[in-house]
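Following: one structure in structure tokens, then a few remarks.
Only the coordinates and a few stated rules stand behind these numbers; no lab work does. Owing to the predicted nature of the structure, the values given are computational and were not obtained by experimental measurement. With ideal geometry, Cβ positions are generated from the backbone for all residues, glycine too; neighbour counts draw on all protein chains shown.
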Amino acid sequence: MVTMAFFESFLELFSSHRCRRENPHRGDRRQSKPPQAIGYNRHAALSHLEGKTLVVDVEGALLRSSSTFPYFMLVAVESGSLLRGLLLLLLHPLVHFLRRDAALRVMVLLCFAGIREAEFRAGRAVLPKRLLADVGKEVWEAARRARRKVCVSAMPRAMVEATAKEYLGADVVVGRELSVFRGYYTGLMQEEADDHRSLDEILTGASAGAGEELDEGNVVGFRSHNKYSPPHRFFSYCKEILIVTEAEKKHWQALPREDYPKPLIFHDGRLAFQPTPLATLAMLLWLPFAIFLTVFRIFAFVTLPPELALLIGASSGMFIRVIRSPQESGVVVKDDDKAHGKLYVCNHRTLLDPCYISSVLLNNMVVATVYSVSRVSEVLSPIKTIKLTREKERDREEMARLLRRGEDLVVCPEGTTCREPYMLRFSPLFVELADEVFPVALTVGGRMFYGTTAAGAKWLDSFYFLMNPRPEYRVEFLPKMSLSLAGEDRCKVANRVQREIAAALGYQCTMLTRRDKYMLLAGNEGSVKSSK
């Protein structure tokens, strides 16, 4: 009965979203052109948006899905806790039958109440990844031609402003403001009626439109037709409105990563999927099994020899793909007579990078160099770790000493992880340690959880990665590279190694650093206390 009720309600909702003509200026002397449906008259829309001001409804017309539940779930889990996310999921059937404004108020109360305003970073660090993934390619092809873009959202402005302004180039973002009491969100939204500013005043106050007056004849709107919620008052300024239906949005394509106005390189959060109600329910049901499976996997890798640990790990769902083996790349794995250790240089995907390299080499004597790691991760590591101090001379001497003793080292010159297909700037310190290095290209996969975080509890990184039903690692040993300087600048040598690994992975090299990442995502420089 419940399933049938949901189906009937969805059917009624979708059937009401059909393209129709409407005049937003009732009682006004100005005459509006008939609304155009993007799916059927897209090229006409593209041609006449150039040089105009566009007012676009974020949920109704910019995103492929009109549901705001996944974004509130991200706020609940990433800024709150799994318990808060569970409460939101349990109340979803009731919220679904409320009017749009009432449903938004309930979700805002559940997700924001009690969260410190200064510590809320989901809008900048977590939500851009999911919002950009849901932007429709068709609507963006039209929107990017507009001279000025005004994004209107029913969600709180704190959730959408960073994405719209920094990644989509919006001039103005209009959303509900959240009430704050003594530095904490109360979970209440301020009324739209409290903002009496006109569209002209808002655009004039924006940096992109400073000193420009609004020509109302050049204002075009993008929105969907929703009989359950009236359009925002700014659509009354539009001379023409382009209407999109839910049926059309189902056929939209996702905006490709290469078409983002600004590349998304850094993002945070633990959830690696779009948390729709069904997907969130599946994740919560999986958690008890995931905890048991994680303990089993860690126990196997910590206590068993590499050969047996790989077998046990594979039987539990872990997947390791070796693209090019060490032997194919000229690495002599067993060399009892070596007088100098080998230096493996890899890109950094998770804290487990050195462990997987060690497993493929079948050598538990590999030493991992880390910049900052929690005490829990050190204790549970199946291989030896040395913590670098970021003091150049001291770190160089310590690593050189280990290499002289014949120990193999794994270094990650990026200094921090990057989830997207980009390579951060390589620290050139490793260039001074050996005459040759063995580059290793790594990629990871996990469809439920990310095994990295910038603002969360870093001691849980490895646990979250191993909680995935099928954690994947792709390891490729590249041919060894000579580091003979011959007068070449050491930074250029490090960049050459970076480009070699990036070429093997199809990644793009950047000059961004660890500090850039943590200042964006966490508001600090990325230090980790070793007490845990």
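Odds and ends about this structure:
- The trypsin sites (Lys or Arg not before Pro) found in the range 394-478 that occupy coil by DSSP, while having at most 16 further C-beta atoms within 10 Å, are 405, 447.
- A simple rule links phi to the HN-Hα coupling: the Karplus curve 6.51 cos²θ - 1.76 cosθ + 1.60 with θ = phi - 60°, which for the range 259-269 gives 9, 4, x, 10, x, 8, 9, 10, 7, 10, x Hz, with x for Gly and Pro.
- With a simple spin-label model that places each label point 7 Å from the Cα along the Cα-to-Cβ direction, the separation between residue 435 and residue 323 comes to 2.9 nm.
- Nonlocal amide H pairs with residue 385, under 5 Å, H built at 1.01 Å: 368
- Spin-label model, residue 99 to residue 179: label points 7 Å out along the Cα-to-beta-carbon direction sit 1.9 nm apart.
- Distance violations [Cα-Cα > 24 Å] among 392/517; 342/387; 137/165; 129/480; 137/458: 129/480; 137/458
- When you restrict to C-alpha pairs under 8 Å that are six or more residues apart and normalise by the size of the range 67-132, the relative contact order lands at 45 percent.
- Rounded to the nearest whole Hz, the Karplus-based 3J(HN,Hα) values (6.51 cos²θ - 1.76 cosθ + 1.60, θ = phi - 60°) of the range 422-430 follow the sequence 9, 10, 7, 4, 7, 5, x, 4, 5, with x at glycine and proline.
- For the range 443-454, the Karplus equation 6.51 cos²θ - 1.76 cosθ + 1.60, evaluated at θ = phi - 60°, returns couplings of 9, 10, x, x, 7, 10, 10, 8, x, 9, 7, 9 Hz by residue, with Gly and Pro reported as x.
- Whole-Å distance, taken between Cα centres, linking the range 441-514 and the range 254-282: 20
- Amide H contacts for residue 322 (H built 1.01 Å from N in the peptide plane; partners 5 or more residues away or on another chain; cut-off under 5 Å): 475.
- Here the relative contact order of the range 263-402, from alpha carbon pairs under 8 Å that lie six or more residues apart, stands at 18 percent.
- The share of Cα pairs per 10 Å bin across the range 72-124, counted from zero up to the longest distance, runs 26, 54, 19, 1 percent.
- Less than 5 angstrom separates the built amide H of residue 222 from those of 55, 56, 57, 242, all sequence-distant by 5 or more or on a different chain.
- For the range 256-409, alpha-carbon Rg relative to the globular expectation (2.2 N^0.38 Å, N residues): 1.27
- With an a/c value under 1.5 for the gyration tensor axes a ≥ b ≥ c computed over the alpha-carbon atoms, the range 348-435 is described as rounded.
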